[in-house]
Amino acid sequence: MVVSLAAFMEVLDTSIANVALPHIAGDLGASNDESTWVLTSYLVANAIVLPISGWLVSIFGRKRFFMTCIFMFTVSSLLCGIAPSLGILLFARVLQGAGGGGLQPLAQAILADTFPPQQRGLAFSLYGVTAIFAPSIGPTLGGWITDNYSWRWIFYINLPVGLLALFLVYRLVEDPSYLKRLAGAVAKVDYIGFALLALGVGALQILLDKGQEDDWFQSNFILTLAIISAVCLTALVIYEWFYKDPIVDVRLFRNFNFAASCLIMFMVGGVSFASTVLMPQFLQTLMGYTAEKAGMVLSAAGFLLLAVIPFVGRLTTKIQSRYLIAFGWLMLAIGMYLSTQRIDLEMSFSAATWLRIAQYVPLGFIFIPATLAAYIGIAKEKSNAVAGLVNFVRNIGSSVGTSVVTTIIARRSQFHQESLGANIGVGSQSYQAAVNAMAARLHASGLSQFEAQRQAAARVYAGLQSQAATLSYIDMYWLLMLAAIVMFGLSFALKRNNPKTGEHVVAH
C-alpha cells in the first residue's frame, strides 16, 4: 500500500493536467501551444529517469533514492502550484518529472523483492491499480478540480499524499540485504551513456508530443529531432552493450521473456492511452459532451477494473501468465471490434460506457501477468533495472499511442471528407434535395430565403465533416483490433511458468 501510494500519485500527474491547459494558459498569459510544454517537459524528464532508475539505486540505495524521489516530487508539486509564470512552471514540471520518474519502477521493484515469486501476481495487482486506474480517472479529477477550484489545486493535492508516503516509506520500507551490499559499489559515472540517453529520449519524447502539431517530417524541427533521437538511441544501445557498468542495462534484452514482456508492455501503454484519448475526444468534439460527462464514461471502466485486478492477481497463482495475457488480448480485440460496429453519432451515454468497459477492462488481464513474466529467469539483483526498463517502454508506448491517434484521426478525417465530398457536388440531386428541404424549414422559422439557403448548405457540410470524423475513429479502432490480434499470437511465445512457484518451466 505504501509504495503503491507514491506511484499512484505520480501516474495520476501524467494525465491530470491535460484538461487544465486552457486555464493554465489564460492565467499565466501564455498561448495554447506554449501551455502544452507543461505536459511535454514533465514527460521528457520522466522518460530520462525511468530507464536509469536501476543504476541510481546501485549508487544511492533503493530506500534512500525512493525517499529522495518522493521528496523531490512533493516539493516540485508545491512549486508548480505557486508558479507565477509559465517559465517557472515548466522548470518545476521538469523537477517533478525527474522526481516522479523513479517512483513507478522503485515501487514495482520493491514489490518484486518483498514477495516470493508465487505471490508476486497478487502484489502486482495492487501496483496495477496505480498504473492502469490512475490514468483513467486523471482527466475527470483534473477537470472537476479545475472547474470548481483552480488549476493550481491539481498540484497542491500532491502535498499531503507525498508527505504521508514519505513518512510511511521511512518507517516501513527497508532495503534487502543484497542491495545493502551493492549500495555505493558503482562509483564510476557513465557520462557518455547518460548524455546519449538524455539527448535521444528527450528528442524522441518532444518529437512524439509535437509531431502532429508541426506536420511531422514537413517540419525541419521534427526532422532534426528524429535524426538526433535515432542516432543517439542507436549509439546508446551499442555503447551500453559493451560498457562494463552501463547506466542502462540493455543486455537484459538477451532474455527472450523479458524482451517479449517489454514489447507487450509497450503495446499496453500504446493501446490504453490511445483508447483513453479516443473515447472522450469523440464524445466532446462530435457529440457535445462536457469534459466532466466524458470523464464519467472513462471512470466507469476504471472503477470496474478495480474489481477485476485483484481477481487477476489470484488467477496468476493458478494459470500460466501467457494464457492470461492471451485471454486479455483476445478480449481486447473483441472490444475494439465492437467499437467499430457501435460507434456512431447517435450513441447513448450507456452504450459509450459499455464500449469503454470492453476496451479497457481486458488490460487488467494483460498488465499483471506481463509484469510478472518480465522477472522470470532474471536474477533478483537485476529487479530494479527490470522495473525501470519495463516502465520506460510502457511510458514510451503511451506517447506513441497518443501520437498515432492524433495523426490518424486528422489524416483519415481528411481522406473521408474528400471521399464523401465527391458525392455532394452541385450536380448531386440528393445533395440539392437535402439543402432545399433544410432551407425550407429554416425559412419557415423566420430566416430570409438567402440566409436560409446559406445556413442549410453550411449545416450539410458540417454534417459531412462529422460523418468523416466518425469514420476516422472507426478506422482507428480497426487498427487497435489488428494490433491486439497480433499480440494475442505473440503471447504464446512467452516461456511457460509454474503458477504455484512463479518459476520458469523448462519442459514444453
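The values are calculated or read from the model by the stated rules, or taken from the named source; none is laboratory data. Just so it is clear, the structure is predicted and the values come from calculations on it, not from any experiment. With ideal geometry, Cβ positions are generated from the backbone for all residues, glycine too; neighbour counts draw on all protein chains shown.
For GLN417, only one of the following conditions fails: (1) in a helix (DSSP H, G or I); (2) modelled with pLDDT under 75. What is its number?
(2)
Checking TYR178 against (1) farther than 25 Å from VAL405 by Cβ; (2) among the aromatic types (Phe, Trp, Tyr); (3) modelled with pLDDT of 80 or more, only one condition comes out false. Which one?
(3)
All but one of (1) under 20 Å from the mean Cα position of the chain (by Cα); (2) surrounded by 21 or more Cβ atoms within 10 Å (Cβ to Cβ); (3) modelled with pLDDT of 85 or more hold for ALA326; which doesn't?
Every condition holds for ALA326 apart from (1).
Could you identify the single residue in GLY102, GLY97, GLY87 that is out of contact with any Pro (no Cβ under 7 Å at 6 or more places or on another chain) and without any contact (Cβ under 8 Å) to a residue 24 or more places away in the chain? Before the answer, list the steps.
Values: GLY102 fails: without any contact (Cβ under 8 Å) to a residue 24 or more places away in the chain; GLY97 fails: without any contact (Cβ under 8 Å) to a residue 24 or more places away in the chain.
Sole residue among the options that is out of contact with any Pro (no Cβ under 7 Å at 6 or more places or on another chain) and without any contact (Cβ under 8 Å) to a residue 24 or more places away in the chain: GLY87.
When you scan the range 186-215, how many residues do you find that are at negative phi and not in a helix (DSSP H, G or I)? Break it down stepwise before answering.
Step one: of the range 186-215, the residues at negative phi are 186-214.
Going one step further and asking which of them are not in a helix (DSSP H, G or I), we end up with 186-190, 211-214.
The number of residues fulfilling the criteria is 9.
It is to be established whether one or more residues within the range 58-77 are assigned to a helix (DSSP H, G or I), crowded, with 24+ Cβ neighbours inside 10 Å, assigned by TED's automatic domain parsing to the domain that holds PRO160 and of a type in the set (Phe, Trp, Tyr).
Scanning the range 58-77, I find at least one residue that is assigned to a helix (DSSP H, G or I), crowded, with 24+ Cβ neighbours inside 10 Å, assigned by TED's automatic domain parsing to the domain that holds PRO160 and of a type in the set (Phe, Trp, Tyr), so the answer is yes.
Looking at (1) surrounded by 18 or more Cβ atoms within 10 Å (Cβ to Cβ); (2) part of a helix (DSSP H, G or I), which is the only condition GLU34 fails?
Unmet condition: (1).
Would the range 470-481 turn up any residue that is closer than 30 Å to VAL248 by Cβ and either assigned to a helix (DSSP H, G or I) or modelled with pLDDT of 85 or more (or both)? Steps first, please.
Taking the range 470-481 and keeping what is closer than 30 Å to VAL248 by Cβ, we get 480.
Among the residues that remain, those that are also either assigned to a helix (DSSP H, G or I) or modelled with pLDDT of 85 or more (or both) are: 480.
Within the range 470-481, one or more residues are closer than 30 Å to VAL248 by Cβ and either assigned to a helix (DSSP H, G or I) or modelled with pLDDT of 85 or more (or both).
Taking the options SER321, SER299, name whichever one is under 24 Å from PHE492 (Cα atoms) and of a type in the set (S, T, N, Q).
Details: SER299 fails: under 24 Å from PHE492 (Cα atoms).
On inspection, the qualifying residue turns out to be SER321.
I want to confirm something. Restricting to the range 238-251 and keeping residues that are among the hydrophobic types (A, V, I, L, M, F, W, C) and under 24 Å from the mean Cα position of the chain (by Cα), which single residue is farthest from VAL189 (Cα to Cα)?
So the first thing to find is which residues in the range 238-251 are among the hydrophobic types (A, V, I, L, M, F, W, C), and the list is 238, 241-242, 247-248, 250.
Remaining after also requiring under 24 Å from the mean Cα position of the chain (by Cα): 248, 250.
Numbers: VAL248: 12, VAL250: 17 Å.
That would be VAL250.
Does the range 290-319 hold any residues that are surrounded by fewer than 19 Cβ atoms within 10 Å (Cβ to Cβ) and assigned to a loop (DSSP other than H, G, I, E, B), and which are they?
THR290, THR317, LYS318, ILE319
Scan the range 124-149 for residues that are in contact (Cβ under 8 Å) with a residue 60 or more places away in the chain, over 20 Å from the mean Cα position of the chain (by Cα) and either crowded, with 22+ Cβ neighbours inside 10 Å or outside any helix (DSSP H, G or I) (or both) and jot them down.
Correct list: THR146 only.
With respect to ALA235, is the statement that it is over 30 Å from PHE365 (Cα atoms), more than 24 Å from the chain's Cα centre (by Cα), assigned by TED's automatic domain parsing to the domain that holds PHE194 and not in a loop (DSSP other than H, G, I, E, B) true?
Working: over 30 Å from PHE365 (Cα atoms): yes; more than 24 Å from the chain's Cα centre (by Cα): yes; assigned by TED's automatic domain parsing to the domain that holds PHE194: yes; not in a loop (DSSP other than H, G, I, E, B): yes.
In short, yes.
Return the pairs, sorted by first residue and then second, in which the second residue is buried (at least 23 other Cβ atoms within 10 Å of the Cβ), the first residue lies in the range 5-25 and is without any contact (Cβ under 8 Å) to a residue 40 or more places away in the chain, the beta carbons are less than 8 Å apart, and the residues are 6+ apart or on different chains.
LEU21/VAL38
Restricting the range 343-358 to residues that are of a type in the set (A, V, I, L, M) and part of a helix (DSSP H, G or I), which is nearest to THR290 (Cα to Cα)?
ALA352
Cβ-Cβ below 8 Å, separation at least six or inter-chain, first residue in the range 446-469 and within 14 Å of THR285 (Cβ to Cβ) and at pLDDT 75 or above, second hydroxyl-bearing (Ser, Thr, Tyr) and surrounded by 15 or more Cβ atoms within 10 Å (Cβ to Cβ): which pairs?
GLN465/SER413; ALA468/SER413; ALA469/SER413
So, in the range 338-348, how many residues would count as being more than 24 Å from the chain's Cα centre (by Cα) and surrounded by 15 or more Cβ atoms within 10 Å (Cβ to Cβ)?
We begin by selecting, within the range 338-348, every residue more than 24 Å from the chain's Cα centre (by Cα); these are 341-342, 344-348.
Of the ones still in play, those that are also surrounded by 15 or more Cβ atoms within 10 Å (Cβ to Cβ) are 342, 347.
Matching residues across the range 338-348 total 2.
Quick test for you: out of ALA456, ALA434, ALA444, pick the one residue that is of a type outside the set (Ser, Thr, Tyr), out of contact with any Lys or Arg (no Cβ under 9 Å at 6 or more places or on another chain) and buried (at least 16 other Cβ atoms within 10 Å of the Cβ).
The match here is ALA434.
Outside any loop (DSSP other than H, G, I, E, B), under 16 Å from the mean Cα position of the chain (by Cα) and over 17 Å from LEU163 (Cβ atoms): which single residue out of ALA47, ALA7 fits that description?
Every option except ALA47 fails the conditions.
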